[in-house]
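The values are calculated or read from the model by the stated rules, or taken from the named source; none is laboratory data. Fair warning: this is a prediction, and the values are worked out from it, not measured in the lab. Note that each Cβ is placed from the backbone with ideal geometry, even for glycine, and that neighbours are counted across all protein chains shown.
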Amino acid sequence: MVQEIQLRTNLIEEKKAGTLLYKAARKLGVDSKEISGIKVLRKSIDARKKETFFNYKVAVFINEPIPEKSSTVFDYKEVSNAKEIHIVGFGPSGMYAALRCIELGYKPIILERGKNVQERRRDIKAINQDHIVNENSNYCYGEGGAGTYSDGKLYTRSLKRGDVRRIFENLVYHGATEQILIDAHPHIGTNKLPKIIQNIRETILKFGGEIYFNTQVTDFIIKNNQLKAIVLKDGNEMTVNSVILATGHSARDMYELLHKKNIALKAKSFAMGVRVEHPQEIIDSIQYNCEGTRDELLPAAAYSLVHQVNNRGVYSFCMCPGGFIVPAATASGEVVVNGMSPSRRNNKFANSGIVVEINIDKDIPKYDQFGPLKGLEY
């Protein structure tokens, strides 16, 4: 028999071997010897009160063996000679579009304006040390997009979530730790993401996909209201049947091109603000009600803030415990920053974006002349 139950431990109990077994047996009213094993399905930390607790959702196996670990099977097909789908951009959406194409039997041909993950490192070093921005290879552009060097927090505020579990399992398939399948707030870490991104590239190539770096799309050839070809920066044209645009939020030139081609666009509200930094020890002391160094079992503490000011939302965004702030400009003269954390979240500082809502219809009327591009112009 298998039963799923909720368990709770405090810090003292968490340090004792066999705590979950003891608590599970007591809750289910069985002898601990009848329990073959326990599988943790979900784990979270509750630090809302003075004492910190660990909440678990577990599967308890009673008088039956624990099944062997089974990894998700992804049905990647050989697509070298299959129907082609061109994908512009090789960030998170472009990567997963390519993997899904292969599963469905289509050949993805990926065009990425930036460099591969290894070569990107040199350009990122140039930004940090010499303040030189390569407009096609930086913290946003290149293999893996902004995701490669951007922390790896795995959550979304969107209500259109789709099959999130499958995304996590795909990341594990490509090298992420299985802990992301359990943690309530899963995190991979800036230091581990590049290898995972490289593994995804190798999967795409292995099954017949094609990836072209340093290849920027600059124009579309449209005839009779149908896309016939795409034009590259070097002037070459590529005949296409189907195209997926996965160019990300920073590719302003692509949005300008779409508008120029009379392709329907709609401006959306957004948020903007600053990134603040604090000593991690202060955040730990507030969140965990502790003085000095937090307990060794506790991760660097995070926070989430929301407030209304004059009927306008102000909130924290992309909070990075034990992390650091990096320059994220995609063009010379820009001042843009991002935050990220390594997998251990062991830096002495925490940082977070603090942003305010910008209503696209009410707040920037003098930019209405730019139509659907008014948010970008602002």
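Assuming residue 76 fulfils every condition listed in (1) touching a helix residue (DSSP H, G or I) at 6+ places or on another chain (Cβ under 8 Å); (2) modelled with pLDDT of 95 or more; (3) in the same structural domain as residue 139 (by TED's automatic domain parsing) apart from one, which condition is it?
(3)
Among the residues of segment 275-290, is there at least one that is modelled with pLDDT of 95 or more, closer than 30 Å to residue 174 by Cβ and either touching a Leu at 6+ places or on another chain (Cβ under 9 Å) or surrounded by 14 or more Cβ atoms within 10 Å (Cβ to Cβ) (or both)?
Within segment 275-290 (the criterion being modelled with pLDDT of 95 or more, closer than 30 Å to residue 174 by Cβ and either touching a Leu at 6+ places or on another chain (Cβ under 9 Å) or surrounded by 14 or more Cβ atoms within 10 Å (Cβ to Cβ) (or both)), the answer is yes, since at least one residue qualifies.
If you check residue 266 against the conditions, is it over 23 Å from residue 353 (Cβ atoms), surrounded by 13 or more Cβ atoms within 10 Å (Cβ to Cβ) and among the charged types (D, E, K, R)?
no
Residue 242 passes all but one of (1) over 25 Å from residue 331 (Cβ atoms); (2) buried (at least 16 other Cβ atoms within 10 Å of the Cβ); which number fails?
Residue 242 satisfies every listed condition except (2).
Just to be sure before I move on: is residue 14 loosely packed, with under 14 Cβ neighbours inside 10 Å, within 16 Å of residue 182 (Cβ to Cβ) and either among the β-branched types (Val, Ile, Thr) or modelled with pLDDT of 95 or more (or both) in the structure I sent? Before the answer, list the steps.
Values: loosely packed, with under 14 Cβ neighbours inside 10 Å: no; within 16 Å of residue 182 (Cβ to Cβ): yes; either among the β-branched types (Val, Ile, Thr) or modelled with pLDDT of 95 or more (or both): yes.
Spelling it out, it is not the case that residue 14 is loosely packed, with under 14 Cβ neighbours inside 10 Å, within 16 Å of residue 182 (Cβ to Cβ) and either among the β-branched types (Val, Ile, Thr) or modelled with pLDDT of 95 or more (or both).
Going by what's in this entry, would residue 69 be described as modelled with pLDDT under 95 and basic (Lys, Arg)?
So residue 69 passes the test.
Scan 128, 191, 138 and give me the residue that is outside the structural domain of residue 331 (by TED's automatic domain parsing), modelled with pLDDT under 95 and touching an Asp or Glu at 6+ places or on another chain (Cβ under 8 Å).
138 is the lone residue from the list that is outside the structural domain of residue 331 (by TED's automatic domain parsing), modelled with pLDDT under 95 and touching an Asp or Glu at 6+ places or on another chain (Cβ under 8 Å).
Name, by its number, the condition in (1) more than 21 Å from residue 188 (Cα to Cα); (2) in contact with a Pro (Cβ under 9 Å, 6 or more places away or on another chain) that does not hold for residue 279.
Residue 279 satisfies every listed condition except (2).
From the residues in segment 295-340 that are part of a loop (DSSP other than H, G, I, E, B) and without any contact (Cβ under 8 Å) to a residue 12 or more places away in the chain, which one is farthest from residue 355 (Cα to Cα)?
Per the criteria, the residue is 296.
So, in segment 221-261, exactly how many residues are modelled with pLDDT of 95 or more and at positive phi?
The total comes to 1.
Quick check on segment 21-35. Is at least one of its residues within 32 Å of the chain's Cα centre (by Cα) and either crowded, with 16+ Cβ neighbours inside 10 Å or farther than 30 Å from residue 144 by Cβ (or both)?
no
Only residues that are polar (S, T, N, Q) and either surrounded by 17 or more Cβ atoms within 10 Å (Cβ to Cβ) or within 15 Å of the chain's Cα centre (by Cα) (or both): list them for segment 178-213, please. Steps first, answer last, please.
Restricting attention to segment 178-213, the residues satisfying the condition of being polar (S, T, N, Q) are 179, 190-191, 198-199, 203.
Passing the criteria: 190, 191, 198, 203.
State whether the residues of segment 229-236 include one that is of a type in the set (D, E, K, R), under 26 Å from residue 136 (Cβ atoms), outside the structural domain of residue 312 (by TED's automatic domain parsing) and crowded, with 17+ Cβ neighbours inside 10 Å. Can you show your working first?
Quick first cut of segment 229-236, residues of a type in the set (D, E, K, R) only: 233-234.
Those left that are additionally under 26 Å from residue 136 (Cβ atoms): 233-234.
If we keep only those that are outside the structural domain of residue 312 (by TED's automatic domain parsing) as well, we get 233-234.
Filter once more, so that each one left must be crowded, with 17+ Cβ neighbours inside 10 Å: none.
Within segment 229-236 (the criterion being of a type in the set (D, E, K, R), under 26 Å from residue 136 (Cβ atoms), outside the structural domain of residue 312 (by TED's automatic domain parsing) and crowded, with 17+ Cβ neighbours inside 10 Å), the answer is no, since none of the residues qualifies.
All but one of (1) under 24 Å from the mean Cα position of the chain (by Cα); (2) part of a helix (DSSP H, G or I); (3) surrounded by fewer than 17 Cβ atoms within 10 Å (Cβ to Cβ) hold for residue 162, so report the exception by its number.
(2)
Select, from 314, 355, the only residue that is surrounded by fewer than 17 Cβ atoms within 10 Å (Cβ to Cβ) and among the aliphatic types (A, V, I, L, M). Reasoning before the result, please.
Values: 355 fails: surrounded by fewer than 17 Cβ atoms within 10 Å (Cβ to Cβ).
Only one candidate passes the filter, namely 314.
Kindly indicate the residue of segment 64-88 that is more than 18 Å from residue 207 (Cβ to Cβ) and in contact with a strand residue (DSSP E or B) (Cβ under 7 Å, 6 or more places away or on another chain) and also surrounded by the fewest Cβ atoms within 10 Å (Cβ to Cβ) among those meeting that condition. Working first, answer last.
At the first step, the residues of segment 64-88 found to be more than 18 Å from residue 207 (Cβ to Cβ) are 64-70, 88.
Okay, now just the ones that are also in contact with a strand residue (DSSP E or B) (Cβ under 7 Å, 6 or more places away or on another chain), so 64-66, 88.
Values: 64: 11, 65: 8, 66: 13, 88: 22.
The extreme case among them is 65.
Taking segment 341-358 as the region of interest, how many residues are under 22 Å from residue 250 (Cα atoms) and part of a loop (DSSP other than H, G, I, E, B)?
Number of matching residues: 1.
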